[in-house]
Amino acid sequence: MTRPARRPYLIGYDIAEPRRLKRLHAFLKDRALPLQYSVFLGVFTPAEVDRTVAAIERRIDPRRDDVRLYPLARRTRIVTIGEAALPDGVFLPGTDEGVSIAFEPYAPARTTGRRWGLVKGRGRAVDD
């Protein structure tokens, strides 16, 4: 019998009331890695996602609060700007089962001398 595949999820929330906010934050800290105050990274099986969503639904007011789970690819590269999300040597639970998450500091590409900019709502290359 094979074990269900785990996959990483980015979890973000906007909670309107401080008591619910504290309760949800404490709940998620036990199950996922806090990247920022309202953003977490977790690695879950499908059954764990279902249980986590059900538990979140019991802790929030769906008319006033917003919680989102974004599934990520099993091999994910997360680009960071500013302070690193994970210090060196920190192991994210679940990444030993075919899940690979790499945190890399942002480094602008300098191969072409061009960068992307927005012009009237459309992306186009702009000379540096």
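Things worth noting here:
- Top-ranked residue of the range 41-66 - restricted to ones that are in contact with a helix residue (DSSP H, G or I) (Cβ under 9 Å, 6 or more places away or on another chain) and modelled with pLDDT of 95 or more, ranked as farthest from Pro18 (Cα to Cα): Thr52
- Condition met for Gly12 (in contact (Cβ under 8 Å) with a residue 24 or more places away in the chain and either surrounded by 17 or more Cβ atoms within 10 Å (Cβ to Cβ) or touching a Cys at 6+ places or on another chain (Cβ under 9 Å) (or both)): no
- Some residue of the range 12-34 being of a type in the set (Phe, Trp, Tyr) and modelled with pLDDT under 95: no
- Counting only residues that are over 12 Å from the mean Cα position of the chain (by Cα), assigned to a loop (DSSP other than H, G, I, E, B) and surrounded by 12 or more Cβ atoms within 10 Å (Cβ to Cβ), the range 51-73 holds 2 of them.
- Ser38 meets all of the listed conditions (1) among the polar types (S, T, N, Q); (2) in contact with an Asp or Glu (Cβ under 8 Å, 6 or more places away or on another chain); (3) modelled with pLDDT of 95 or more but one, namely (3).
- Those strands (runs of 3 or more DSSP E) lying entirely in the range 1-46 with at least 3 residues among the hydrophobic types (A, V, I, L, M, F, W, C): 39-44
The values are calculated or read from the model by the stated rules, or taken from the named source; none is laboratory data. Fair warning: this is a prediction, and the values are worked out from it, not measured in the lab. Don't worry about glycine lacking a Cβ; one is built from the backbone with ideal geometry, like all the others, and counts go over all protein chains shown.
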